[in-house]
1. Among 475, 221, what is the fewest-to-most ranking by other Cβ atoms within 10 Å?
2. For the chain, what is the percent of antiparallel DSSP beta bridges, rounded to the nearest 5?
3. Please list, or write none, the lysines whose alpha carbon is within less than 23 Å of the alpha carbon of residue 62, excluding same-chain residues fewer than 8 places away.
4. Using unit Cβ charges (K, R positive; D, E negative) and no other charged atoms, how large, in debye to the nearest 20, is the dipole of the range 1-69 about its Cα centre?
5. How large is ³J(HN,Hα), in whole Hz, for each residue of the range 456-469 in order, when computed from phi with the Karplus curve 6.51 cos²θ - 1.76 cosθ + 1.60 and θ = phi - 60°, using x for Gly and Pro?
6. Check residue 273: other-chain or 5+ apart residues with amide H under 5 Å from its amide H, H built from backbone geometry?
7. With a sphere of radius 10 Å drawn around the Cβ of residue 21, what net charge do the other residues whose Cβ falls strictly inside it have (Lys, Arg +1; Asp, Glu -1)?
8. Along its three principal axes, how long is the range 7-174 when you only count alpha carbons? Whole Å, largest extent first please.
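Every number in this text was worked out from the coordinates using simple rules, so none of it is lab data. Not measured: the values here are computed from a predicted model. Cβ: placed from backbone, ideal geometry, glycine included. Neighbour counts: every protein chain shown.
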Amino acid sequence: MTETISQKEINDVVWRACDTFRGAVDPSEYKNYILTMLFIKYMSDLWQDTCDAYDKKYKGNKVRVERALSRERFIIPNVELKDGKGKNTDSFPATFKNLYDRREAANIGELINITLTAIEDANKTKLESVFRNIDFNSEPALGQTKERNKRLKHLLEDFADPRLDLRPSRIGNRDVIGDVYEYMISQFAAGAGKKAGEFYTPPEVSTVLAKLVAPKPGDRICDPACGSGSLLIKVGHEVRDSNFALCGQESNGSTWSLCRMNMFLHGCDSARIEWCDTIGNPRLLENNELMRFNVVVANPPFSLDKWGYNEASHDPFNRFWRGIPPRSRGDYAFISHMVEIALEGEGRVGVVVPHGVLFRKGAEGVIRRKLIEDNLLEAVVGLPAQLFFGTGIPAAIMLFNKGRKPWDKARSKRDKHILFIDASREYDDNKKQNRLRPENIEKIVTTWRNFTEIEKYSHLATLEEIEEAEFNLNIPRYVDTFEEEEDIDIPAVQQEIEELESELVVTQKELNGYLKELGLLEKG
């Protein structure tokens with residue numbers, strides 16, 4: 001039986017690889033090079049595993065092996081190097097091993113770039129333009145030739161570690177890029193600033209969100225702020241079969257590349273991931289209209305400044321008809337977009353938000369009120385503080401459902417209430433980041449599925465309660481977590497004090513006696 005590689009083993013290799021760039025590259029940029037190299041290593045190991053299997057199956061018949069390989073979901077092509085006259089100078093399969101064998105080459109950065117381009121060209125439908133934001137031969141990013149070559153040689157040697165065997169039999173269903181991305185952010189978020197934490201949703205929060213939106217076979221699923229794609233993949237896996245479609249949008253070019261790689265690693269080859277500004281220039285369109293989805297999820301950047309306020313009043317898709325969010329906080333811009341692209345009559349939306357979204361007044365209060373009056377909001381879940389990289393502030397999950405009946409026609413318990421869950425006090429307290437434990441996740445999900453009240457944990461609020469609170473959704477208004485202090489027995493406390501004072505007098509006398517014997521206290 002093949003032993004599974006542990007996450008610690010992968011992280012150890014990654015940590016050494018980070019040392020290669022330390023002091024020369026900004027920590028927020030490490031991921032571009034390390035995760036791309038991880039992707040090449042994964043593809044190479046998977047390809048070699050596939051080659052070995054076919055070689056065994058066809059007893060070394062090269063023609064049959066090559067024919068079988070040509071039908072695989074991806075191709076590892078040959079890299080053909082030519083001189084200035086067009087004459088071949090070298091030819092090798094585009095694998096990690098062949099790059100490692102050439103690690104001493106004076107143009108190793110260029111060789112890595114050429115290898116990436118060859119892989120991309122051979123798999124255009126799945127990987128087109130994925131590597132255009134990553135340059136291993138960049139002098140501004142990696143230094144002058146001598147230093148750059150030294151760093152890239154060390155990087156290749158780090159990833160040649162025998163423990164880093166990324167064949168499917170060794171990694172199972174692990175989210176390799178997502179797990180390493182999380183590890184790198186956890187190590188460098190403080191040094192790289194909040195920007196490094198914008199794109200990654202902790203796996204436990206992704207799990208909660210995926211279970212709460214409950215995707216079904218046949219659903220079309222979207223994350224309009226998809227980052228590295230881990231949340232989107234997690235929601236897809238909740239379907240339990242391959243009958244779903246994934247779509248995403250990401251504004252950061254290098255993060256978009258990582259998302260495309262992540263989709264490929266998880267066999268989501270048909271996922272449509274667009275590189276664009278979701279608010280200013282959405283590109284998930286059909287017939288010049290916004291695509292609609294059964295499920296929409298996101299962990300958008302908190303309170304984004306310069307989100308596109310000036311253009312919102314003449315938005316071609318009329319997404320902000322309930323109101324235009326404030327200029328310096330784009331939270332409700334993303335919420336408005338997400339609710340708008342959810343299918344009428346059935347679309348489910350799950351979005352991670354800072355708590356201010358629940359109670360701030362002004363333009364946000366107007367939008368929040370209209371969403372509630374339209375009976376679209378189904379639940380609010382308060383999460384513990386320090387779950388997210390780059391910020392210690394607590395967050396919440398807002399769940400919207402476009403299948404709810406209007407308030408005046410509501411009959412079922414779900415349609416007549418908004419569920420509030422305060423899960424902020426139940427978590428695993430770690431030094432760097434708090435974590436939701438499996439039992440914490442299960443309690444949130446079960447409470448949601450049963451749509452039930454639990455003392456000091458959840459509450460079903462009516463429209464009248466919400467109106468009375470002036471549409472303020474601050475969770476403590478609805479879930480009373482106050483713990484009464486025990487009554488103090490004053491006579492008993494007084495007696496205990498008197499007993500302690502008596503004991504102190506006796507102890508002081510004994511101490512004075514010892515001090516006199518030692519000559520440290522005058523006799524008198």
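1. Exposure proxy ranking, most exposed first: 475, 221.
2. Values: 25 of 44 bridges.
Antiparallel bridges make up about 55 percent of those DSSP assigns within the chain.
3. Excluding near neighbours in sequence, the set is 97.
4. Numbers: 11 positive and 11 negative charges, 89 e Å.
Taking the Cα centre of the range 1-69 as origin, the dipole is about 420 debye.
5. 6, 9, 8, 8, 9, 9, 8, 4, 4, 5, 5, 5, 4, 8
6. 248
7. On the way: positive: 22, 151; negative: 19, 26, 29.
Here the charged neighbours net out to -1.
8. 50, 48, 29
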